[in-house]
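Let me begin by presenting the structure, written as structure tokens, before commenting on it.
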Amino acid sequence: MTNRTYRLRHSAILALAVTIALACISRETPERIDLEVSRVFVTEPVTGERAAMYFSVTNNGDVDDELLAVSTAAAEVAEIHRTEHEGSTMKMVPVDALTVPAGGRVDLAPGGYHVMLLELTQNLFPDDRFDVTLRFRHAGEVVARARVIRYEDVEELVGGAALSDPHNSR
Amino acid sequence: MMPRPQEKVDFTLTDTEGEPFDFRARTEGYVTLVFFGYTYCPDVCPIHMANIGAVLDDFPLEVRSQIKVVFVTTDPERDTPERLRLWLDNFDTSFIGLHGSRDEVNEIQVALGLPASVIEETEGGEYLVGHSARVLAFTKDNLAHVAYPFGTRQADWAHDLPKLVDERWE
Ligand SMILES: [Cu+2]
């Protein structure tokens, strides 16, 4: 009998110890990092030299991340650009990084952010596919597949970040 | 809708054949869509042009033949008439491309109630062009009652253009 009581108590203590250990692990584990890159589209380069790339980044982790750089064999240079709006005037400006908040999603889209591919190394035609590498501050490198699309398909496949112009009610 | 309809202005610029194009004379009696932009523009300009081009493709000839699209470059140094032609042909070979000095073009934009374009140098000898994202739609009364912002979708053009041809707007 005594022996059995001891064993019972022992297993209870063990269970408690496991619980504490788990609690410690979850408290001490660095934040969960989980980024997903989807809907990667590149516009057909109309005059051959440059193209715009759009994609979505979903941050399922619990730490804010930052897109720092993009690279691809299809272009010598890839820059992150933001379109600035001043009244109805728009212009694109390069930015150093793009934050993807924890639990949030960032959609690169016309009128908002895009990645400008400059000095293309190959001809790109609609439906061509190629790999792009996105470098994030925490998640590191994420490789995704891009598809080339026509400009007239952008509104349907990518949508737009600037679908309203507050200075003009149409 | 514009708060006040915009009147046409008189100007003559060079078309992609190198010939003078008298805007008022050559657009008299047509629905004329006027847009100021540049061919290195990543999304605003090509998306506007591609959306209009795609919609025109689906119109019967009698409607299509009553609409002219005039694209005026805000980047005359890089957008040679040849380059303009090459770029516009991607969207519609009937689109008219006009070329003039920066000062001339800015003067026209201001006269049409649009902001003048801004050119900003960036490091590396590159520069960026800020420009209005609106398309002015002149009807046969030589007034623009409507200006279309960036984000106008093909469905909007498909809905509105035949009405403009019929002298209806709202
Ligand atoms: Cu850009």
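The values are calculated or read from the model by the stated rules, or taken from the named source; none is laboratory data. This structure is a prediction, so every number in the text was calculated from the model and none was measured. In this analysis, Cβ positions are derived from the backbone assuming ideal geometry, glycine residues included, and neighbour counts consider all displayed protein chains. When the accessible area is computed, the model is the full protein with side chains, heavy atoms only, and any ligands, DNA or RNA have been set aside. Shrake-Rupley method; radii C 1.70, N 1.55, O 1.52, S 1.80 Å.
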Using only helices, what value at 222 nm comes out for the protein assembly as shown when you add -39,500 (n - 2.57) per DSSP H run of length 4 or more and divide by the total residues, to the nearest 500 deg cm²/dmol? -7500 deg cm²/dmol
Computed accessible area, A:Ile80, all protein chains, 1.4 angstrom probe, square angstrom: 10
At a 1.4 Å probe radius, which order do B:Asp15, B:Asp141 fall into by accessible area, largest first? B:Asp141, B:Asp15
Share, in percent, of DSSP beta bridges within chain B that are antiparallel, nearest 5: 65
Counting only the heavy atoms of the protein chains, how much of A:His81 is accessible to a 1.4 Å probe, in Å² to the nearest 10? 10
For segment A:35-153, the charge dipole (Cβ of Lys, Arg +1; Cβ of Asp, Glu -1; about the Cα centre) points to a positive end, and the Cα of A:Ile149, A:Phe55, A:Gly112 closest to that extreme belongs to A:Ile149
Kindly give the semi-axes, whole Å and largest first, of the ellipsoid equivalent to the protein assembly as shown, taking each as the square root of 5 times a Cα gyration tensor eigenvalue. 52, 21, 17
Which residue, chosen from B:Tyr40, B:Asn51, B:Pro5, occupies the Cα position most advanced towards the positive end of the dipole of segment B:1-57, where the dipole is computed from +1 (Lys, Arg) and -1 (Asp, Glu) charges on Cβ about the Cα centre? B:Pro5
At 25 °C and 0.890 mPa s, the Stokes-Einstein diffusion coefficient in µm²/s for chain B, with hydrodynamic radius from the Kirkwood sum on alpha carbon pairs, is 152
Assign one of three labels to segment A:35-153, namely rounded, prolate or oblate, based on the Cα gyration tensor with a ≥ b ≥ c the square roots of its eigenvalues; rounded applies when a/c is under 1.5, prolate when it is not and a/b is larger than b/c, and oblate otherwise. oblate
Round to the nearest 10 and give me the degree value, 0 to 90, for the angle of helix B:44-57's Cα axis relative to the longest principal axis of chain B. 30
Which value, in square angstrom to the nearest 100, describes the accessible area buried between chains A and B on both sides, using a 1.4 angstrom probe? 3000
Residues whose modelled amide H sits under 5 Å from the amide H of A:Ala102, counting only those 5 or more places away in sequence or on another chain, are A:Asp64, A:Asp65
Phi-derived 3J(HN,Hα) across segment B:85-94 with the Karplus relation (6.51, -1.76, 1.60, θ = phi - 60°), rounded Hz, x for Gly and Pro, is 4, 4, 5, 5, 4, 5, 9, 5, 5, 8
Only bridges with both residues in the protein assembly as shown count here: give the DSSP antiparallel percent, nearest 5. 80
What ranking of A:Arg50, B:Arg64, A:Arg147, A:Arg32 comes out by heavy-atom accessible area, probe 1.4 Å, highest first? A:Arg32, B:Arg64, A:Arg147, A:Arg50
For B:Lys68, list the lysines whose Cα falls under 19 Å from its own Cα; do not include residues on the same chain fewer than 8 positions away. B:Lys8, B:Lys140, B:Lys163
Cα gyration tensor of segment B:62-132, axes a ≥ b ≥ c as square roots of the eigenvalues: rounded (a/c below 1.5), prolate (a/b > b/c) or oblate? oblate
Sort A:Ile33, B:Ile96, A:Ile149 by heavy-atom solvent-accessible area, probe 1.4 angstrom, most to least. A:Ile33, B:Ile96, A:Ile149
Whenever you get a sec, compute what percent of the accessible area on the protein assembly as shown sits on carbon and sulfur atoms (1.4 Å probe). 49
Expected integer from the mean partner chain Cβ neighbour count at 10 Å over A:34-45 is 1
So who's got an amide H within less than 5 Å of the one on B:Val135, skipping anything under 5 residues away but keeping other chains? H placed 1.01 Å off N, in plane. B:Tyr148
Return the sequence-ordered ³J(HN,Hα) values of segment B:61-68 in whole Hz as given by the Karplus equation 6.51 cos²θ - 1.76 cosθ + 1.60 applied to θ = phi - 60°, using x for Gly and Pro. 3, 4, 7, 4, 6, 9, 10, 10
Excluding ligands and nucleic acids, what accessible area in Å² is computed for A:Phe136 using a 1.4 Å probe, to the nearest 10? 10
Just tell me how shielded B:111-120 is by partners: mean number of partner chain Cβ atoms within 10 Å of each residue's Cβ, no decimals. 2
